[in-house]
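Since the structure comes first, as structure tokens, the remarks are kept for the end.
The values are calculated or read from the model by the stated rules, or taken from the named source; none is laboratory data. Since the model is a prediction, treat every value here as computed from it, not as a measurement. Cβ placement follows ideal geometry from the backbone for every residue including glycine, while neighbour counts extend to all protein chains displayed.
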Amino acid sequence: MTGRARGGQLGSRRAGRGVGATAVALVLVAEALAVVGGPLPAGAAASGLAWRPCATRFRCATLRVPLSYAHPDGATIGLSVVMLPATRHAAGDVVLNPGGPGGSGVAFLEQAWRAFPAALRSSFNLVSFDPRGVGRSDPVRCVGPAGTRALLRVDPAPVTARQVRALVAATKSFVAACRAHTPAALLENVSSLDTARDLDRLRAALGQARLNYLGFSYGTYLGELYASLFPSRVRALVLDGVVDPALSTVAGDLQQARGFESELAHFFSWCDATPSCRRELPGGAAAAYGAVFARLVAGHALVAHLRPAFGGTQPVTYGVAVVGAVAALYSESTWPDLAAALASARAGDGDLFAALAFSYAGAEPDGQFTNELAAETAISCVDRPAPRTLAAYEALAARLARLAPHFGAAEAWGTLPCAYWPVRPSGVVGPIRAPGTPTILVVGTTGDPATPYAAARAVAHELAHAVLLTRVGEGHTAYLGSTCVQRYVDRYLATGIAPRPGTTCRG
């Protein structure tokens, strides 16, 4: 139920939120976007897209693409596209994907545009889109807000037979809701391979001979697929927070569980060495975490007093709290939130854990949820083969629990919806070489919990033409949090010149 870089209970989806998770808000508010007019960006009128003013500084359009690329002249769907025009003359477009699968590229750019360097915004139009099945692009629909909150409360790491039955029942109910509320034809055509083909349609509609692309987290997988399909149409491809396509679902689950396990240990060390955090958790961060979660695992619950739009007063179970903990581990900037949540939890107060978990699951200011959870499941289950039997999940959970005690079992069970998914996987596991591309820039962070650094090293080696830029530090993805990484990436996007092999940024 998290899987923000691939699927999986604890990690990758917010690897897409990969970049969004660094902005987890304890108070769920949103900036109002005012509709304004103004001139179209340079070249937009000839791009093949009918741009219109949509929000402050932005232009929006709809791109029609085939529902099924097996029948390209058949039914179509509309993809929501957004552009932030360059502040000066545009040298071209840079297409962005924030991660997921399931992350809204439109919402990401509208909300996070200020995080992109002014120099990049001055010379490139920044373009993003909601992939098929996501956000405003024919979204996959499953359960409503109450159903999402209930799903979070289910024990994600069952041990007893009763707990297993409860998780299986909740999972089957979720899958049944997806089938009931989403057309079968859409569920059959939401793979990342379909979206990679959509990405090429977007490139052509923008009037660009070759693609400039910056993908975060799961967005790196989308970029890898694009490079394999259309190598001659790549101009500059940046992969930040890398998914390794050569890893099976099981191997990826293990890598990610270990990544969060390591990051939790880093949080403990940081908290014990930081006076403000040490005052909040005077007995030590590890001891506080252990005590809180031991009670939750044993079946006790915290209590959250939330606004009526978010369900009002409700229990905060182990399922909610562990998702909240994972959310806070995506970035050093949210480590203090985890410390505060633990301090509150010792008094039985679950407000902060609930806020973290709900924000991570896509909560919006009005109490609704985005369709990230639904889209992530639909895309992940068709992208990669996953275990299909209950016995396989039980064995995998036992194995991963030994290797990653805090997160391994929940990570293993996280792919359980794929065991009951109505569409069989069509994706292939294996390295992507993409011969024929120019040099691809791979960016990896040594302390990335959701897409561990080992994946960046592997993909830089697997691709026929790639160079690895390393950020030494903590947190998921690098570009939006490192001026050093930005300098190298922006130069590469502008000139095509990649940094030298072995280049490192610190902090």
**Request:** Considering only segment 88-128, state which residues are hydroxyl-bearing (Ser, Thr, Tyr) and closer than 24 Å to residue 381 by Cβ.
**Result:** 104
**Asked** Cβ-Cβ below 6 Å, separation at least six or inter-chain, first residue in segment 278-292 and closer than 17 Å to residue 265 by Cβ, second not in a helix (DSSP H, G or I): which pairs?
**Response** 288/281
**Fill in**
Counting only residues in segment 104-124 that are touching a strand residue (DSSP E or B) at 6+ places or on another chain (Cβ under 7 Å), closer than 20 Å to residue 137 by Cβ and not polar (S, T, N, Q), the one surrounded by the fewest Cβ atoms within 10 Å (Cβ to Cβ) is identified as 113
**Fill in**
Among strands (runs of 3 or more DSSP E) entirely within segment 61-140, at least 1 residues that are closer than 25 Å to residue 180 by Cβ and in contact (Cβ under 8 Å) with a residue 24 or more places away in the chain occur in 76-84
**Request:** Scan segment 318-347 for residues that are over 22 Å from the mean Cα position of the chain (by Cα) and surrounded by fewer than 21 Cβ atoms within 10 Å (Cβ to Cβ) and jot them down.
**Result:** 340, 343, 344, 346, 347
**Request:** State yes or no: is residue 66 touching a strand residue (DSSP E or B) at 6+ places or on another chain (Cβ under 9 Å), at pLDDT 95 or above and under 24 Å from residue 199 (Cα atoms)?
**Result:** yes
**Request:** Mind listing just one residue for me: the one in segment 47-60 that is within 25 Å of the chain's Cα centre (by Cα) and not in a loop (DSSP other than H, G, I, E, B) and, of those, surrounded by the fewest Cβ atoms within 10 Å (Cβ to Cβ)?
**Result:** 60
**Message:** Conditions first: (1) in contact with a strand residue (DSSP E or B) (Cβ under 8 Å, 6 or more places away or on another chain); (2) under 28 Å from residue 259 (Cβ atoms); (3) among the aliphatic types (A, V, I, L, M). Residue 157 passes all but one, so which condition is the exception?
**Reply:** (1)
**Asked** Assuming residue 246 fulfils every condition listed in (1) buried (at least 21 other Cβ atoms within 10 Å of the Cβ); (2) of a type in the set (A, V, I, L, M); (3) outside any helix (DSSP H, G or I) apart from one, which condition is it?
**Response** (1)
**Prompt:** List the pairs whose first member sits in segment 485-501 and is over 19 Å from residue 122 (Cα atoms), whose second member is in a helix (DSSP H, G or I) and aromatic (Phe, Trp, Tyr), and whose Cβ atoms are under 6 Å apart, counting only residues at least 6 apart or on separate chains?
**Reply:** 498/492; 499/488
**Prompt:** Going by the conditions given, is residue 367 surrounded by 23 or more Cβ atoms within 10 Å (Cβ to Cβ) and in contact (Cβ under 8 Å) with a residue 40 or more places away in the chain?
**Reply:** no
**Exclusive hit being on the phi > 0 side of the Ramachandran plot, touching a residue at least 12 places away in the same chain (Cβ under 8 Å) and of a type outside the set (Val, Ile, Thr), set 223, 259, 241, 219** = 241
**Message:** For segment 366-395, give me the residue count where each residue is under 28 Å from residue 331 (Cα atoms) and touching a helix residue (DSSP H, G or I) at 6+ places or on another chain (Cβ under 8 Å).
**Reply:** 16
**Request:** Say whether the condition of being modelled with pLDDT of 95 or more, among the aliphatic types (A, V, I, L, M), within 17 Å of residue 163 (Cβ to Cβ) and not in a loop (DSSP other than H, G, I, E, B) is met by at least one residue in segment 379-387.
**Result:** no
**Request:** Inspect all residues belonging to segment 301-312 and state whether any of them is in contact with a helix residue (DSSP H, G or I) (Cβ under 6 Å, 6 or more places away or on another chain), crowded, with 19+ Cβ neighbours inside 10 Å and either small (Gly, Ala, Ser) or within 26 Å of residue 485 (Cβ to Cβ) (or both).
**Result:** yes
**Fill in**
Just one listed residue, out of 236, 196, 169, is of a type outside the set (S, T, N, Q) and within 24 Å of residue 416 (Cβ to Cβ), and it is 169
**Message:** When the residues of segment 334-378 are narrowed to those that are outside any helix (DSSP H, G or I), out of contact with any strand residue (DSSP E or B) (no Cβ under 8 Å at 6 or more places or on another chain) and charged (D, E, K, R), which ends up farthest from residue 309 (Cα to Cα)?
**Reply:** 346
**Request:** Only residues that are assigned to a strand (DSSP E or B) and out of contact with any Ser or Thr (no Cβ under 6 Å at 6 or more places or on another chain): list them for segment 297-311, please.
**Result:** 302, 303, 304
